[in-house]
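Working notes for the structure below.
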Amino acid sequence: MRFVKCELHTHTLWSDGTMTPEELVENAVKRGYAAIASTDHNTWFAYPRIKAAADKAGLVAVKGIEWTTFYGHLTVLGGNSPVDWRDVRPDNIADKILEARASGDAVVLCHPARIGGQICCGCHNDFDIGAGLLSAMEVWSRYNQNRDAANAEAERLWRARLDDGERIAAVYGYDWHRPDRGCPPYSATYVGVEGAVTPEKIVEGVKRGRTYVSSGVELEISVTAAGERREIGDSFPAGEVAVSVTVKRDGDYAKEYAVETEAIAVEGSAFSARAEGDRLSVTARAEKGYFFVKVFGKIDGERTELAITAPFYTEEI
């Protein structure tokens with residue numbers, strides 16, 4: 001399995017972005033993405049042009065849509081869902097998410113703590129979305145995750161769901177509307193796939209929790225438990241677990257920002273550990289619960305979180 005750099009939340013001029021589908025693809029190639037998702041507000045309209053441009057550029061395009069309501073925003077990835085966004089309401093949100101997932105799509109809660117504007121209302125989440133419904137949450141979105149109170153709150157909400165026993169992936173949403181050259185630091189979602197990268201494998205990776213979010217670093221993670229290699233998103237028996245992490249710089253990101261790794265941590269209810277520098281190797285007893293990897297460092301001299309993975313889950317034998 002390898003993890004490929006993706007942007008799963010984009011917009012074009014067919015909703016409220018400024019880029020044509022072709023310009024979106026052109027800028028995605030410059031940023032070094034392997035795949036992007038087309039998620040205009042409440043419309044699939046731009047996808048055929050995005051896919052045509054992506055095919056020519058050697059980029060994978062995932063069909064998607066952003067359900068944009070007064071009560072919250074969700075991106076639906078895969079393009080199979082029969083749900084009409086106009087029917088999505090607080091009293092039927094669970095049924096609509098289940099309907100979308102039954103079609104094979106991944107459903108992601110977007111920027112759950114972000115305040116919207118007069119035009120883009122409902123950016124925060126007022127839906128009562130029960131456990132086990134969502135494929136993933138945007139734990140980070142937009143820019144400067146270390147400065148942004150909305151991102152800190154989104155990460156807290158995600159961890160609260162994990163503490164309640166929910167299994168839910170972590171993703172990032174650039175919420176990409178314009179070229180943004182010279183913008184503040186942004187992030188990317190890395191999705192685990194086997195073999196050739198396809199839209200279906202990107203969606204499946206999100207659904208299986210094979211994700212990590214990163215600002216300028218790439219992670220090599222090896223986890224062994226009960227004598228077997230485990231991947232991000234896997235479940236396995238509680239007990240002895242060996243975790244090895246190596247952090248490398250993303251070369252495309254380094255063209256825009258200076259990135260330094262300072263420390264790697266394992267966090268969660270199962271166990272915790274920490275190592276200074278760009279490598280961690282630890283063997284420990286993992287209790288029932290979850291754990292994930294987090295990387296700390298600097299971007300252009302400013303301390304910040306650099307990466308966070310979706311969880312591994314440990315169960316009672």
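When 249, 285 are checked against the criterion of being among the basic types (Lys, Arg) and closer than 28 Å to residue 32 by Cβ, 249 stands alone in meeting it.
Could you check, for the range 258-276, whether at least one of its residues is outside the structural domain of residue 158 (by TED's automatic domain parsing), over 25 Å from residue 158 (Cβ atoms) and basic (Lys, Arg)? Write out each step before concluding.
The first filter runs over the range 258-276 and keeps only residues outside the structural domain of residue 158 (by TED's automatic domain parsing), leaving 258-276.
Among the residues that remain, those that are also over 25 Å from residue 158 (Cβ atoms) are: 258, 260, 276.
Checking which are basic (Lys, Arg) leaves us with none.
Scanning the range 258-276, I find no residue that is outside the structural domain of residue 158 (by TED's automatic domain parsing), over 25 Å from residue 158 (Cβ atoms) and basic (Lys, Arg), so the answer is no.
Within the range 246-257, can one find any residue that is farther than 24 Å from residue 147 by Cβ, out of contact with any Gly (no Cβ under 9 Å at 6 or more places or on another chain), modelled with pLDDT of 95 or more and part of a strand (DSSP E or B)?
Yes, there is a match, as at least one residue in the range 246-257 is farther than 24 Å from residue 147 by Cβ, out of contact with any Gly (no Cβ under 9 Å at 6 or more places or on another chain), modelled with pLDDT of 95 or more and part of a strand (DSSP E or B).
Selection of the range 198-231 for residues being without any contact (Cβ under 8 Å) to a residue 12 or more places away in the chain, basic (Lys, Arg) and not in a helix (DSSP H, G or I) yields only 229. If you go through the range 163-183 and pick out every residue that is surrounded by 21 or more Cβ atoms within 10 Å (Cβ to Cβ) and more than 18 Å from residue 74 (Cβ to Cβ), you end up with 0.
Being surrounded by fewer than 20 Cβ atoms within 10 Å (Cβ to Cβ) and either touching a residue at least 12 places away in the same chain (Cβ under 8 Å) or within 24 Å of residue 6 (Cα to Cα) (or both) is a property that residue 261 lacks.
Considering the range 138-150 alone, what residues qualify as being out of contact with any Asp or Glu (no Cβ under 9 Å at 6 or more places or on another chain) and either in the same structural domain as residue 305 (by TED's automatic domain parsing) or surrounded by 17 or more Cβ atoms within 10 Å (Cβ to Cβ) (or both)? Within the range 138-150, 148, 150 qualify. Across the range 142-197, the number of residues qualifying as among the charged types (D, E, K, R) and assigned to a loop (DSSP other than H, G, I, E, B) comes to 11.
The values are calculated or read from the model by the stated rules, or taken from the named source; none is laboratory data. Because the structure is predicted, anything quoted here is derived from the model rather than measured. Here Cβ is always computed from backbone atoms with ideal geometry, including for glycine, and neighbour counts include all displayed protein chains.
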